[in-house]
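Beneath this line is the structure, given in structure tokens, with notes to follow.
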Amino acid sequence: MGNTARGLIAMVVVVGLIAGAWFLFRDRLSGAAEDLRVGDCFTEPAEAEVQSIQHQPCTDSHDGEVHFIGNSDAETFPIVFGFDDWVQEHCLGTTFEAYVGDPVEARSDIAVAYFAPTREGWQGGDREITCYLTPADGNAITVPYKAGAAPAAS
């Protein structure tokens, strides 16, 4: 086997190890809100304009769990209740029930919150809104809200 083949094999192994490590530890890394995916758990940031989110395994202490991500079709930046109206229409009802397994009315222990683009992000074309579930009492939890992932909290 030539040096070129050995070098290629070594590079493939290194890339595979890096990708595997990222996959295994992704739920413990910090990242941007737009990097969140449905099912991700995280520590809810305290600041109003989020720069970074600390991912957590859903079985570790956390207070946020993404359950829906969608794009607004509004042409102008939503003001006053624009984002709240979108969340009411898209993040409750069937999306909540499909994720949690119960209608929103049956789960007074869960509140729904969201991340929305800034005005500058909106002007740059960002329309993604990330809806997440959070404990209504403000305390952290150590079980996922996803139906079938763990016993339901009540």
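Of all residues in the stretch 119-136 being among the aliphatic types (A, V, I, L, M) and in contact with a Gly (Cβ under 9 Å, 6 or more places away or on another chain), which is nearest to residue 50 (Cα to Cα)? This residue is 129. One residue alone among 94, 134, 118 is of a type outside the set (Phe, Trp, Tyr) and under 16 Å from the mean Cα position of the chain (by Cα), and that residue is 134.
Any residue in the stretch 27-34 that is assigned to a strand (DSSP E or B) and modelled with pLDDT under 85? The answer is yes; a qualifying residue exists.
Results for (1) within 22 Å of residue 144 (Cβ to Cβ); (2) in the same structural domain as residue 126 (by TED's automatic domain parsing); (3) loosely packed, with under 14 Cβ neighbours inside 10 Å, shown as yes or no for each residue.
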position: 36; (1), (2), (3): yes, yes, no
position: 40; (1), (2), (3): yes, yes, no
position: 47; (1), (2), (3): no, yes, yes
position: 51; (1), (2), (3): no, yes, yes
position: 66; (1), (2), (3): yes, yes, no
position: 81; (1), (2), (3): no, yes, yes
position: 86; (1), (2), (3): no, yes, no
position: 90; (1), (2), (3): yes, yes, no
position: 97; (1), (2), (3): yes, yes, no
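I'd like the residue in the stretch 43-63 that is touching a helix residue (DSSP H, G or I) at 6+ places or on another chain (Cβ under 9 Å) and hydrophobic (A, V, I, L, M, F, W, C) and, out of all such residues, is modelled with the highest pLDDT. Among those that are touching a helix residue (DSSP H, G or I) at 6+ places or on another chain (Cβ under 9 Å) and hydrophobic (A, V, I, L, M, F, W, C), it is 58.
Which one of these is in a loop (DSSP other than H, G, I, E, B) and of a type in the set (Gly, Ala, Ser): 98, 111, 149?
Within the list 98, 111, 149, the selection yields 149.
Among residues of the stretch 66-85 being in a loop (DSSP other than H, G, I, E, B) and of a type outside the set (D, E, K, R), the one that is modelled with the lowest pLDDT is 80.
Residues of the stretch 50-69 being closer than 22 Å to residue 90 by Cβ and touching a residue at least 60 places away in the same chain (Cβ under 8 Å), which ones?
50, 63, 64, 65, 66, 67, 68, 69 - these are the residues of the stretch 50-69 that are closer than 22 Å to residue 90 by Cβ and touching a residue at least 60 places away in the same chain (Cβ under 8 Å).
The values are calculated or read from the model by the stated rules, or taken from the named source; none is laboratory data. What you see is a predicted model; the values in this text were computed from it and never measured. Reconstructed Cβ throughout: ideal geometry from the backbone, glycine too, with neighbour counts over all protein chains shown.
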